[in-house]
Amino acid sequence: MKHQKSFTVEEATRKLEQYCVYQERCHKEVALKLREMHMISVAIDQIITHLIQHNFLNETRFAQSFARGKFNQKKWGKQRIIRELKQRNITSYNIKKALQEIPEDQYLKTFNLLVEKRLLQLSSEKNLQKKRKKLADYLLYRGWESHLVWEKVNECCKTKN
């Protein structure tokens, strides 16, 4: 049987301070990390309180950073960002604040660039219905709002009579 390293509250606190400094974390990630370190509930609560009080852990800051990052790097739409933040138990208030980090003009510009890029990839698809479906699936998977997606799909892939 493998012996697992045990940590004092102080050691765990220092380790988690470093963990939070490296990149923004949410409470759920920190609690999970502490459980992986086999810390007891009382210690977990104490360490999380310390991290919040000393501004290592801030869910508003995490949510804003997450939304900016996923939008800028992965080109995710708001629906996907909301879903992912909810999975991390982020409050509605913080989700709303996070979405304010994405300028509306930039949002629509990115959406249109993604559509153009995907249409180029689908240029060899001759079946119009398949092309429409592939474009819509691509955009919906990335979390773009369905009304935007279907408006664009209908505009780009009009059936020829």
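The values are calculated or read from the model by the stated rules, or taken from the named source; none is laboratory data. Since we're looking at a predicted model, the values are computed, not measured. A quick note on method: Cβ atoms are made from the backbone with ideal geometry, for glycine too, and the neighbour counts reach across all protein chains shown.
Taking (1) in contact (Cβ under 8 Å) with a residue 24 or more places away in the chain; (2) buried (at least 16 other Cβ atoms within 10 Å of the Cβ) in turn, Thr91 satisfies each apart from (2). For Ala98, state whether it is buried (at least 18 other Cβ atoms within 10 Å of the Cβ) and farther than 30 Å from Asn58 by Cβ. It is false that Ala98 is buried (at least 18 other Cβ atoms within 10 Å of the Cβ) and farther than 30 Å from Asn58 by Cβ. Any residue at all in the range 72-82 that is outside the structural domain of Tyr138 (by TED's automatic domain parsing) and without any contact (Cβ under 8 Å) to a residue 12 or more places away in the chain? There is at least one residue in the range 72-82 that is outside the structural domain of Tyr138 (by TED's automatic domain parsing) and without any contact (Cβ under 8 Å) to a residue 12 or more places away in the chain. Condition check for Ala63 on (1) assigned to a loop (DSSP other than H, G, I, E, B); (2) closer than 30 Å to Gly143 by Cα; (3) aliphatic (A, V, I, L, M): one failure, at (1). Would you confirm whether or not the range 38-56 contains a residue that is closer than 30 Å to Pro103 by Cβ, crowded, with 17+ Cβ neighbours inside 10 Å and out of contact with any Asp or Glu (no Cβ under 8 Å at 6 or more places or on another chain)? So far as the range 38-56 goes, no, none of its residues is closer than 30 Å to Pro103 by Cβ, crowded, with 17+ Cβ neighbours inside 10 Å and out of contact with any Asp or Glu (no Cβ under 8 Å at 6 or more places or on another chain).
Being in contact (Cβ under 8 Å) with a residue 60 or more places away in the chain and either part of a loop (DSSP other than H, G, I, E, B) or over 24 Å from Glu84 (Cβ atoms) (or both) is the filter here; which residues of the range 110-158 pass it? Scanning the range 110-158 gives Arg142, Gly143, Trp144, Glu145. For the range 124-141, indicate whether the set of residues that are acidic (Asp, Glu), farther than 17 Å from Trp76 by Cα and in contact with a helix residue (DSSP H, G or I) (Cβ under 7 Å, 6 or more places away or on another chain) is non-empty. Yes: one or more hits. Would you check if there is a residue in the range 143-151 being outside the structural domain of Thr49 (by TED's automatic domain parsing), more than 29 Å from Val21 (Cβ to Cβ), touching a helix residue (DSSP H, G or I) at 6+ places or on another chain (Cβ under 6 Å) and among the β-branched types (Val, Ile, Thr)? Yes, the range 143-151 has at least one match.
If you go through the range 94-105 and pick out every residue that is touching a residue at least 12 places away in the same chain (Cβ under 8 Å) and assigned to a helix (DSSP H, G or I), you end up with 5. Going by the conditions given, is Leu32 of a type in the set (A, V, I, L, M), part of a loop (DSSP other than H, G, I, E, B) and either in contact with a Lys or Arg (Cβ under 8 Å, 6 or more places away or on another chain) or surrounded by fewer than 18 Cβ atoms within 10 Å (Cβ to Cβ) (or both)? Answer is no for this residue.
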